[in-house]
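*Asks:* Quick one: the structure is below, questions incoming.
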Amino acid sequence: PPARQHRHAGYHAGGTVDNISHVPEFYKGFGAQITYNVNNWAGIAVDGTGHYNDFGDSHSIAFGPQLKARTDHVTTFVEALVGVQHFSPKQFPDQNAFTAIGGGGLEYAVTRKFSIRPFQADYVYSNYNKTVAPGKTNEFNGVRLQAGLLFKFGVPAPEGVVAATCSADPQALDAGVPVKIVVTPTGFLPKR
């Protein structure tokens, strides 16, 4: 089954830390995603990201299902992922917290092994509670925009027109005479 990975950047984390009203936008970042396709319309994705700005950085790893609708060249998908986010503001304590990611996007196949992901948008939920009063929460609710390149591993070779020819030796025979029949297949995948 195909596996995919891509790069992306751009994350609006939302939320506050201490006296700062909002965490600034993360315009620099990287990411990779690997998807194991269970069948033609469903897969399991593992998503890892890192985003940076002058205020701090945020890393996350999450996994979950992806559902796909495919045509010859275009694939649309939706995903729902859960995992952990590590948020490191530069002048405040680090924190690991639960994260939930939901969204979708579009892929365009250039070749059988190479695709372009021109657009993906995900809603990301997490929290940062290291500097808030006990009993209160500080939710991070934001949008993550992504785009990138995809490489497909394990794409099966296309199966051509399959056929089989038969020959008998001798071609004419009497009852009780042994005959040798040979079947020659063509167009089948080697392990079929």
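The values are calculated or read from the model by the stated rules, or taken from the named source; none is laboratory data. Note that the coordinates shown come from a computational prediction; the quantities given were computed from them, not determined experimentally. No Cβ is skipped: glycine too gets one built from the backbone with ideal geometry, and neighbour counts run over all protein chains shown. Surface accessibility is based on the protein's heavy atoms, side chains included, excluding ligands, DNA and RNA. Shrake-Rupley method; radii C 1.70, N 1.55, O 1.52, S 1.80 Å.
*Asks:* Per residue, how much accessible area does segment 21-90 show when a 1.4 Å probe rolls over the protein heavy atoms, in square angstrom?
*Replies:* Accessible surface, normalised per residue, equals 52 Å².
*Asks:* Follow-up question, since we're still on this one. Between beta-carbons, use under 9 Å as the cut-off and find the net charge around G105, counting Lys and Arg +1, Asp and Glu -1. Walk me through the intermediate numbers first.
*Replies:* Values: positive: R117; negative: E79, E107, D122.
Once all neighbours under 9 Å are counted, the net charge is -2.
*Asks:* Considering only the other residues whose Cβ falls under 12 Å of the Cβ of N127, what net charge follows from Lys and Arg at +1 and Asp and Glu at -1? Don't skip to the end; give the middle numbers.
*Replies:* Numbers: positive: K130, K136; negative: E139.
Computed value for this residue: +1.
*Asks:* So I have (1) 59, 42, 38; (2) 53, 42, 39; (3) 100, 31, 23, and one of them is Cα extents along the principal axes in Å calculated from this model. Which one is it?
*Replies:* (3)
*Asks:* So, counting K/R as plus one and D/E as minus one, what does the shell of residues with Cβ under 14 Å around A69 add up to?
*Replies:* -1
*Asks:* Per residue of segment 32-49, in order, report the coupling 6.51 cos²θ - 1.76 cosθ + 1.60 (Karplus, θ = phi - 60°) as ³J(HN,Hα) in whole Hz, putting x for Gly and Pro.
*Replies:* My calculation for segment 32-49 gives 9, 9, 10, 10, 9, 7, 6, 8, 6, 10, 9, x, 10, 10, 10, 10, x, 9 Hz in order.
*Asks:* Right, here's the next one. Take T186 and F98, extend 7 Å from each Cα along the Cα→Cβ direction, and tell me the distance between the two endpoints in nm.
*Replies:* In this crude spin-label approximation the distance works out to 6.2 nm.
*Asks:* Label points 7 Å out from Cα along the Cβ direction at I116 and N141: separation in nm?
*Replies:* Inter-label distance under the simple model: 3.5 nm.
*Asks:* Then there's this: Over the chain, with every protein chain in place, what whole percent of the accessible area is carbon and sulfur at 1.4 Å, could you tell me?
*Replies:* Of all accessible area on the chain, carbon and sulfur atoms account for 64 percent.
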